[in-house]
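Derivation of every value follows stated rules applied to the coordinates shown; laboratory data play no part. None of the values given here were measured: they were computed from a predicted structure. Every residue, glycine among them, receives a Cβ derived from its backbone with ideal geometry; neighbour counts consider all protein chains shown.
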Amino acid sequence: MKAAFIEHLGSYSEIKYGELPVPVINSNEVLVKVQKIAVNFVDTFVRSGGFKANVIFPFVIGRDAVGTVSQIGSEVTSFNIGDVVWTNSMGYDGRVGVSSEYTAVPAKRLYKVPTGVDTTQLIAAVHSAATAVILLRDVLQVRSGQNILIEGGAGHVGQKLTEVAKILGLQTTTTSNQRNFNLMRELQVDHYYDYHQPVAEIEDDFDNIVDTSGKISLPINLSKLNLHGKIGMITAPKASAQEIDFQKFYTSVQSIRGFVISHATEYQLAQTAEFLNRNFSKGKLLRDEVMTLPLSQASEAQRMLETHQTNGKKLILTI
């Protein structure tokens, strides 16, 4: 089968496109005939060695894919041949990636595509959408009626955080470029601000804050938290010479909670897949602009992502 793979950790130039054997599935796995693969920044971190993972060479890259069931392991009862399915947790922690004509996926990490949902839009959405759902529901444990500040609300993760926050009943405030204000209105954001405006000047304080950009210092965001307020950290914050007011931090019972989806459990991923599929079926969370490339250009796709040449579009590899 054709596959995009590496034989060494390193630059995107290490990605090869060639022949590898079709995987032999275990009793608890499903062989998927892959159709489309999403390209994520985490893929570049695994490939380069920046994200430490158990990698067995030759290593097929990529974590998120959609395709059809081709073969079923003897212990698997939840899928049938021909089912259209998706996965978003392959390609690290000892699991083979999905950038190949066929891939073997543990049944517990595989989910059916809802009837009528566009598979390109679905696979473009699942990484950022799943991150948003787990961060809000499991990590921050938000409650309906709370408010949240999402810094960088127009990015891939920012948009999904905003949409999921609205679904969960939160009052949403975002920062973004003014050219994205129409998008913020489409997302029914309650309050939106130009990201050039200092966060400290925003009148409200918040129950939850997430900086998707890494451009806001931690002391500033902490100063904008309410009693029992929480910061969800999905990227390192901007360095700051300003000191954290630790007395206010602990007496206000505030917290900082880091999260990367690569450490999500099978249970979290399965619960999140149910949430996503339910909302995908309603046409929600499916608004990413997409750029498609053939699998043979997997190296070029990661180069474009690393050098920020995607024009804000989600890169999808097709087979």
* Can you sort 13, 78 by how many other beta carbons sit within 10 Å, fewest first? -> 13, 78
* Tally Lys/Arg at +1 and Asp/Glu at -1 over every other residue whose Cβ is under 14 Å from the Cβ of residue 201; what's the total? -> -4
* To do: Select from the chain the helices, each a whole stretch of DSSP H, whose alpha-carbon atoms run 18 Å or more along the helix axis and whose Kyte-Doolittle mean is at least -0.5; answer none if there are none.
  => 119-133
* Low-density loop positions, GluC sites (Glu not before Pro), the range 137-245 - DSSP coil, at most 15 other Cβ in 10 Å -> 203, 243
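Among 255-261, 28-34, 165-171, 62-68, what's the highest-first ranking by average C-beta atoms within 10 angstrom per residue? Could the numbers behind the result be given before it?
Numbers: 255-261: 16.0, 28-34: 21.7, 165-171: 18.9, 62-68: 26.0.
By packing density, highest mean first, the sequence is 62-68, 28-34, 165-171, 255-261.
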* At 7 Å along the Cα-to-beta-carbon direction for both residue 196 and residue 228, put a label point, then send me their distance in nm to one decimal. => 3.9
* How far is the Cα center of the range 116-195 from the Cα center of the range 26-79, in Å? -> 27
* **Calculated SAXS-style log₁₀ I(q)/I(0) at q = 0.07, 0.12, 0.13, 0.15 Å⁻¹ - the chain, Debye, Cα scatterers** => -0.29, -0.82, -0.95, -1.20
* Provide the percentage of antiparallel DSSP beta bridges, counting only those with both residues in the chain; round to the nearest 5. => 50
* Among 83-96, 274-287, what's the highest-first ranking by average C-beta atoms within 10 angstrom per residue? -> 83-96, 274-287
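Write down, largest first, the equivalent ellipsoid semi-axes of the range 1-142 in whole Å, where each equals the square root of 5 times an eigenvalue of the alpha-carbon gyration tensor. Could you put the intermediate results ahead of the total?
Values: eigenvalues 101, 87, 39 Å².
Over the Cα atoms of the range 1-142, the semi-axes work out to 22, 21, 14 Å.
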* Asked: Per the Kirkwood definition applied to all pairs of different Cα atoms, how many angstroms is the hydrodynamic radius of the range 128-261?
  -> 14.5
* Extending each Cα 7 Å along its Cβ direction at residue 311 and residue 11, get the distance between those two points in nm, one decimal. => 2.6
* What is the percent of Cα-Cα separations in the range 186-319 that go past 22 Å? -> 59
* Find out how many positive minus negative residues lie around residue 212, taking Lys and Arg as positive, Asp and Glu as negative, among other residues whose Cβ is under 12 Å from that of residue 212. => 0
* If you add up the charges near residue 288, with Lys and Arg at +1 and Asp and Glu at -1, over every other residue whose beta carbon is less than 11 angstrom from its beta carbon, what do you get? -> +2
